[in-house]
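Trainee: Have a look at this one before I ask anything.
The values are calculated or read from the model by the stated rules, or taken from the named source; none is laboratory data. All values derive from a computational prediction rather than experimental measurement. Cβ atoms come from the backbone with ideal geometry, glycine included; neighbour counts cover every protein chain shown. Side chains are part of the model used for accessible areas, which takes the heavy atoms of the whole protein and leaves out ligands, DNA and RNA. Shrake-Rupley method; radii C 1.70, N 1.55, O 1.52, S 1.80 Å.
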Amino acid sequence: MKCMNCGSAFETPYCGHCGQESASGKVTIGELKRTALRAFSLERGWLHTIVDLSVRPSAMIREYLDGKRVVYIGPVRYAVTICSVYIAFALLLPAIPVAGDPTLQANIQQAMETYTRHFFLPLLMLTAPFYALLSWGLFRKSGLTYAEHVTMQFYVFGQAILFWAPFEAVGRCFPGSYLALIMVGLIGYMLYTTWVLRGVCARGLWSAIGGGLLIQLIGFVFVQLILIVVVFALVVAQTIRAGGSPG
C-alpha cells in the first residue's frame with residue numbers, strides 16, 4: 001500500500017514514515033467520524049490534553065518531555081488554538097469596563113478591544129519564551145533545557161487562558177465585579193503555575209512558591225508595560241484621527 005501523504009510503501013494501518021492512517025484518498029463520512037472522535041478522545045487529542053493539564057499537569061508535562069507525545073496536542077498548537085478561540089469569544093462580550101472621563105473612557109475601551117483583537121496573541125507568543133527564560137534561569141538545577149521550559153510555559157499559558165475565560169466573561173457582564181474577578185483569575189493562575197513548577201522543575205514546595213511568585217511578578221510587569229505602551233499608542237492614534245489631543 002502506498003501512503004497518500006508521503007508516498008512511502010507500508011502494509012500496516014498507519015504509515016511507518018509519516019504516521020498517516022491508510023485511506024483511499026477520498027474523504028468519507030466514516031473518516032470524518034473517526035477524526036472527530038479522536039479529537040475528543042480520552043485516549044488522545046484535545047479532550048485528553050485538557051483533562052490531563054487540569055487534573056495532573058506536572059505528570060502530563062513530564063510525560064511529554066520524556067517522549068510520550070502522540071497522545072497529546074503539542075504545546076504551541078495548544079496555546080495558539082485556545083488563545084485564538086478566546087479572542088473570538090472575547091469579541092462577543094461587552095466592552096471592558098473603564099472608569100473616568102466619558103470621552104477618554106470610550107477611547108480606552110476601543111483601544112482595549114483593538115488590543116485584545118490584534119495584539120493579544122502576538123503578546124502571548126512573546127511572553128511564553130520570556131517566562132520560560134525566567135523559569136530556566138531560576139530552576140537550572142532541574143536539568144531541563146530552555147526548550148523544555150518553553151514547552152512547559154506554552155502549556156501553562158494555554159491552560160491559564162482556558163481557566164481565565166469564565167472570569168473574564170462574568171466580569172464584562174457585571175462591570176462592578178470586573179476587577180475582583182480578574183484578581184481571582186490572577187491568583188488562580190499563580191497557584192496553577194506553582195503547582196506545575198512544583199512537579200516539573202522545583203525541588204520543593206517553597207522553591208516552587210518563591211520561584212513562581214518571582215516569575216509572575218517580573219512577567220506581570222513585562223506584560224503590563226507592553227499593554228500600557230500599545231493601548232496608549234492606540235488611544236493617541238484614535239484621538240489624533242478624531243482631531244483632538246491625547247490630553
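Trainee: Filter segment 130-159 down to residues that are part of a helix (DSSP H, G or I) and open to solvent by 20 Å² or more (accessible area, probe 1.4 Å), then give me how many there are.
Mentor: Selection size over segment 130-159: 15.
Trainee: How many of the residues in segment 167-215 are open to solvent by 30 Å² or more (accessible area, probe 1.4 Å), without any contact (Cβ under 8 Å) to a residue 24 or more places away in the chain, under 20 Å from the mean Cα position of the chain (by Cα) and farther than 30 Å from Leu91 by Cβ?
Mentor: 1
Trainee: Just to be sure I understand the filter: pairs with C-beta atoms under 6 Å, separated by 6 or more residues or on different chains, first member in segment 74-86 and more than 10 Å from Ile161 (Cβ to Cβ), second member open to solvent by 50 Å² or more (accessible area, probe 1.4 Å) and at pLDDT below 85. Which pairs pass?
Mentor: Close Cβ pairs (under 6 Å, with a partner that is open to solvent by 50 Å² or more (accessible area, probe 1.4 Å) and at pLDDT below 85) do not exist here.
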